[in-house]
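Notes to accompany the following structure.
The values are calculated or read from the model by the stated rules, or taken from the named source; none is laboratory data. Everything numeric here is computed off the predicted structure, so don't read it as measured data. Using ideal geometry, Cβ is built from the backbone for each residue, glycine included, and neighbour counts are taken over all protein chains shown. All accessible areas refer to the heavy atoms of the entire protein, side chains included, with ligands and DNA or RNA removed. Shrake-Rupley method; radii C 1.70, N 1.55, O 1.52, S 1.80 Å.
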Amino acid sequence: MVELKINNKPIKAEKGQTILEVARDNNIDIPTLCYYPDLDIHSECRVCVVEDDWGNLVTACSTEVRDGMEVKTNTPRVLESRRIVTELMLANHDTNCTMCEKNLHCELQRIASNLGIKENRFGSVWEKKEIDDHNPSVVRNPNRCVKCGRCIEVCKEVQGINVIDYMNRSHETSVEPTYGRYLSYEDCTFCGQCSSVCPVAAITEKDETDRVWEALHDEKKHVVVQVAPAVRVSLGEEMGQKPGSIVTEQMVAALKKLGFDRVFDTDFTADLTIIEEGHELIERVTEGGALPMMTSCCPGWISYVEQNYPDLIDNLSTCKSPQQMFGALAKTYYAEKEGIDPKDLFVVSMMPCTAKKFEASREEMSVTGEDPDVDVVLTTRELGRMIRQMGIDFDKLEKTPFDNPFGITTGAAAIFGATGGVMEAALRTVSEVVNKKPLEKLDFETVRGMDGIKEAEVELGGNKVKVAVAHTLSQARKVVEDVKAGKSEYAFIEVMACPGGCIGGGGQPYGTTNAIREERIRSTYQVDSTMKLRKSHENPVIDQLYKEYLEKPLGHKSHKLLHTHYTKRN
Amino acid sequence: MTMEKRILTARFGKIDPLSIDDYIANGGYKALAAAVKMEAGSIIDEIETSKLRGRGGAAFPTFIKLKALVGEKEKTRYIVCNADEGEPGNFKDRHLMEQDPHQMLEGMIISAYVTQAQKGYIYIRGEYDKSMAIVKKALAQAREKGYLGKNILDTGFDFDIEVRSGAGAYVCGEEFALIESLEGKAGRSRPKPPFPTNAGVFLKPTMLNNVETFANIPHILEMGGAEYAKIGTESSKGTKLVSISGNAANRGVFEVPFGVSLKDAIEKLGGGVADGRQLKMVQLSGASGPILPADKIDIPIDFDHDIGAGAIILMDERTDIVDVLVRHAEFFEHESCGKCTPCREGNLHLVRILRKVQAGSATASELKAAENLADAMINTSLCGLGQSAPVPLATALASFGDQIRDSLAQTETKENA
């Protein structure tokens, strides 16, 4: 226990806590810019300086409290130093704020505003630099970069990829891919975590809302939208509600207001994925095939394997992701059923993910061979932008259910958004199909939660089978290295590239932290627990779909529409 | 000359630096031989009694680092010698390495013995080819004679030293930038705490000292800490190697006891100003040190008066203060690692504004902005580079403020970009 004073207020704190942590615990605000919860502290920006009782200005983010310490967070010296540091950043920044994607959501803007900066005594030394929009998922705009290093940190430490880092030195310092190349898809897995932690607009998702507006305003187009499981527990937050708010039916109402002809649920094709992937696993185990089988729902993970572990491509499930199964069915089954020319059908996805933009653009993902199955992918943040643009009062929307046929879903699909969810959903189905008796307990708790690598053991047809779940690519690497070395004891491995799974995706609302991820995970399992159907193989519409159209799992039509292949890249 | 006191430089010119036998014949490695028979605690006591402080500029008490390392739970420990001597105006470490290299090695080996460190690094400035060659040779000789490597002096203690060098970045003289560079990364500092003694090289406990600091250690053990502490002033014990340069008549490295007058050292050792010119100002410590006008140099050479690493740079009457400030600012603008905001962006503006002062087009408010900026950089920069880069400006404004303001534009304009 440490006793100290902040702004003369006596405070008790734990040893080892930083000044920033203690201040925030006590509702004392200290501005920060390079600091981000869950990431290592590097103290680059120097915005969070406070004055200690030795007369030193120290960074609150990195300085631990000590007994008897007296901290002042707002002395004239502190404020003047923060002002100068902020003016220096603004002097080398594109300050055309009203034309910026992050206008009103920018952390630098908020700091400058709170400090009352009206004039920059250092003028401007900013020189226009090339914007890198060669990546299908994110756009890098060095004109906005403040060199805080958060993107580097998340790419290097959380994902273990490190496609961007500091280049050059002094005021020529920049954050760039190696040798200043474009953030091309050879290196980047498109996870978009960089865009999610950027305090300014130096890395943003590729905004494609204009294309959606255009389709919505085109009378000839029949525009359908699918919404991923993770969006219903995060869109509320994007619209100003508390983290973890479940807004499924308001979200459907908002999408209807935006003008979509049909609002469908990706949960439906998540159920379908479980049926296909579950049977694929059973087939590989019983008839022989590459094991461990590894999940294929996450496009960031797929890119990672294609780039770094091409030898393990055969271990990946051949199932398309739920997004792409939906797209394929929309442009075939649904179009036929509704009598719409697939050319006039425009499919939009609302995803927590930037990598889904890349996934939809893969050339394999076109059943017609012309248009992509999914025409545009928007992130949760872009959806929020559209709702705001339309002037919709989100909190006052009437609850509206999803449209059919892709609106009846199960709890197994709902948990796809959380790390371990795909595994749990698969285990619910696979064990009942193989063991031919109902599970006593549906909840596989050992695969839930924020631990980096989780395991479970299940009995299938009298054999004990071990499975594993990993999230973040740096954790995935550990599991995959064992597979590569032939040491893996697992039959089935789920990997999600983002921390916490899709609920922590790169396209989710700004300010996502592990604490917020836990809230979204809690809500995800709450959705599951309150559903009437909780196993994918009990979804009656899936049954009907097989009878009517697909025939049987892993059948000819399934292979054509629901399965894909991967390519060694880089 | 009587004002010199030659302890670290006593063998300079008398021994062949490439001969370990010469070093041994002149008392070398005696301290190590004695040390390995002593308790680590009593060696630390001697160093504490000597009041030895770091010679690289920061003047941190050496025994505290030794104690800190000994107190760490982690047993993998490193000894690092900072031989990156990049501060303009300093060249004494080069002399120490090129004229008596074993002295520094002996200090390192004793430090390793005390702290039970297994590995040492000497990080030598990339431009110091000759120093590097001599030190490498000295290391090979020490290994051959059993002072380094496995089972040192039959004590069962293992310790070896490797020479590393940077690619010429000034910032790599800063301890954490040096450590990052040692680890194979770009030379950019880290926030403190943790300090190197707690989490240094590869995040292991590390004792990092300047060449001259290590070179002092064998002498302290030989003469005893109490005897050593008789030399110098209350705050600064022992001797200091100073590098006199600039417009001095007699430029070079000199060893003086702490406490001698700077004025005397300049006149008697440096021979005063060359060609009979008038002294205008002296910069102490290096390019990042304070600039003193000629009438303010009657001060002792010690850590209380900014001697830092020991540079004494004389500038004569022909020197323009603004030119000096621009030159220095350009140097720091080039050398900033770019990690923290005040240093990365601040040096750019110091150069920009000082160039305008030089051209006679700066306004009073711009100069004021530079003054405020200098203050913020000193207070908020992450490492010593950004914290000290504006020191020449800040001190020059105090002493030469009128001259600098005379160069301002006559009318205040709104334009400031």
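What the table shows:
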quantity	calculated
Close pairs from the stretch B:125-145: first open to solvent by 100 Å² or more (accessible area, probe 1.4 Å), partner part of a helix (DSSP H, G or I), Cβ under 7 Å, at least 6 apart	B:Lys130/B:Glu98
Count of residues meeting criterion [of a type in the set (A, V, I, L, M), touching a residue at least 60 places away in the same chain (Cβ under 8 Å), touching a helix residue (DSSP H, G or I) at 6+ places or on another chain (Cβ under 8 Å) and open to solvent by 10 Å² or more (accessible area, probe 1.4 Å)] in the stretch A:278-301	3
Those residues of the stretch A:525-570 which are at positive phi, in the same structural domain as A:Glu432 (by TED's automatic domain parsing) and touching a residue at least 24 places away in the same chain (Cβ under 8 Å), in sequence order	A:Leu554
Residues that are among the polar types (S, T, N, Q) and under 19 Å from B:Ala58 (Cα atoms), drawn from the stretch B:366-413	B:Asn379, B:Thr380, B:Ser381, B:Gln387, B:Ser388, B:Thr395
Criterion violated by A:Thr410 - all others in (1) open to solvent by less than 30 Å² (accessible area, probe 1.4 Å); (2) over 25 Å from the mean Cα position of the chain (by Cα) satisfied	(2)
Listing of strands (runs of 3 or more DSSP E) fully contained in the stretch A:2-65 that carry 2 or more residues being more than 9 Å from chain B (Cβ to nearest Cβ)	A:2-6, A:9-13, A:49-51
Matching residues in the stretch B:342-361 - criterion: being more than 15 Å from B:Asn372 (Cα to Cα) and facing chain A (nearest Cβ under 8 Å)	B:Arg344
For A:Gln109: the one exception among (1) away from every other protein chain (no Cβ under 14 Å); (2) at pLDDT below 95; (3) open to solvent by 40 Å² or more (accessible area, probe 1.4 Å)	(2)
The lone exception for A:Pro243 - which of (1) part of a loop (DSSP other than H, G, I, E, B); (2) within 14 Å of chain B (Cβ to nearest Cβ); (3) open to solvent by 10 Å² or more (accessible area, probe 1.4 Å) it fails	(2)
Failed item in (1) open to solvent by less than 10 Å² (accessible area, probe 1.4 Å); (2) within 10 Å of chain A (Cβ to nearest Cβ); (3) in contact with a strand residue (DSSP E or B) (Cβ under 6 Å, 6 or more places away or on another chain), with B:Ala396 passing the rest	(2)
Residue in the stretch A:303-320 that is within 17 Å of the chain's Cα centre (by Cα) and either in a loop (DSSP other than H, G, I, E, B) or over 30 Å from A:Lys156 (Cα atoms) (or both) present	no
Test result for A:Thr98, more than 9 Å from chain B (Cβ to nearest Cβ) and open to solvent by 20 Å² or more (accessible area, probe 1.4 Å)	yes
The stretch B:319-338 - residue that is in contact with a strand residue (DSSP E or B) (Cβ under 8 Å, 6 or more places away or on another chain) and not in a helix (DSSP H, G or I) and, of those, farthest from B:Asn90 (Cα to Cα)	B:Gly338
Set B:Lys368, B:Lys339, B:Lys356: member being closer than 26 Å to B:Pro194 by Cα, of a type in the set (Lys, Arg) and outside the structural domain of B:Ala169 (by TED's automatic domain parsing)	B:Lys339
Residue within the stretch B:255-264 that is under 19 Å from the mean Cα position of the chain (by Cα), polar (S, T, N, Q) and closer than 30 Å to B:Pro61 by Cα present	no
Condition check for B:Ile44: β-branched (Val, Ile, Thr) and within 16 Å of B:Ala138 (Cβ to Cβ)	no
Subset of the stretch B:362-385 [in a helix (DSSP H, G or I) and either facing another protein chain (nearest Cβ under 9 Å) or of a type in the set (Phe, Trp, Tyr) (or both)]	B:Ser365, B:Glu366, B:Lys368, B:Ala369, B:Asn372, B:Leu373, B:Asp375, B:Ala376, B:Met377, B:Asn379, B:Thr380
Residue ID - least open to solvent (accessible area, probe 1.4 Å), chosen from residues in the stretch B:24-83 that are polar (S, T, N, Q) and within 20 Å of B:Glu174 (Cα to Cα)	B:Thr62
Qualifying residues in the stretch A:420-438 (those that are without any contact (Cβ under 8 Å) to a residue 60 or more places away in the chain and either crowded, with 16+ Cβ neighbours inside 10 Å or in contact with a Ser or Thr (Cβ under 6 Å, 6 or more places away or on another chain) (or both)) - the one farthest from A:Cys498 (Cα to Cα)	A:Ser431
Number of positions in the stretch A:246-275 that are part of a helix (DSSP H, G or I), surrounded by fewer than 24 Cβ atoms within 10 Å (Cβ to Cβ) and among the acidic types (Asp, Glu)	1
Qualifying residue in the stretch B:313-333 (condition: open to solvent by less than 10 Å² (accessible area, probe 1.4 Å), under 22 Å from A:Leu88 (Cβ atoms) and within 9 Å of chain A (Cβ to nearest Cβ))	yes
Flag if B:Leu408 is within 14 Å of chain A (Cβ to nearest Cβ) and at negative phi	no
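Results for (1) in a loop (DSSP other than H, G, I, E, B); (2) at pLDDT 95 or above; (3) among the polar types (S, T, N, Q), shown as yes or no for each residue.
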| position | (1), (2), (3) |
| --- | --- |
| A:Arg477 | no, yes, no |
| A:Lys487 | yes, no, no |
| A:Ile493 | no, yes, no |
| A:Gly507 | yes, yes, no |
| A:Thr512 | yes, yes, yes |
| A:Glu518 | no, yes, no |
| A:His537 | no, yes, no |
| A:Leu545 | no, yes, no |
